[in-house]
């Protein structure tokens, strides 16, 4: 015989499972594209993630980062677009490994992501968006005054 607490607990669990979208998934790019995370330059990292490094520079991809970062250990970076991007990624050329982050955008998602990255020295941050198989990008130079990798 089921008591009221067990019934309520079970009901809440079933209700929670019912509202979680079944099609919510993300690609583990570290597992599926391991060479991207050891690529020594931005073009190689872009090629490993997207299959090509042919990008079109576009003002439709927004990259927000400071012109001067006083501390290279915590540089705020935001990437966004109003286009229907499938995947978005951040790369930089200041550290030995160029890939920083890759995001799988859900079908009804809003491609707008913010992270804090680490850069050991002044370098260029690049944002790439995959829209229907075409790559769009934008870049920005970030001057680092105090290195973030122990400097």
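The values are calculated or read from the model by the stated rules, or taken from the named source; none is laboratory data. Keep in mind the model is a prediction, meaning the values are calculated, not measured. A quick note on method: Cβ atoms are made from the backbone with ideal geometry, for glycine too, and the neighbour counts reach across all protein chains shown.
Tabulated results
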read-out: Residue within the stretch 108-115 that is touching a residue at least 40 places away in the same chain (Cβ under 8 Å), in contact with a strand residue (DSSP E or B) (Cβ under 8 Å, 6 or more places away or on another chain) and part of a loop (DSSP other than H, G, I, E, B) present; value: no
read-out: Per-region count, the stretch 72-89, residues touching a residue at least 40 places away in the same chain (Cβ under 8 Å) and part of a strand (DSSP E or B); value: 8
read-out: The stretch 81-93, residues that are within 13 Å of the chain's Cα centre (by Cα) and surrounded by fewer than 19 Cβ atoms within 10 Å (Cβ to Cβ); value: 86, 87
read-out: Some residue of the stretch 51-63 being part of a loop (DSSP other than H, G, I, E, B) and in contact with a helix residue (DSSP H, G or I) (Cβ under 6 Å, 6 or more places away or on another chain); value: yes
read-out: Single residue of 73, 107 found to be at pLDDT below 95 and more than 25 Å from residue 35 (Cα to Cα); value: 107
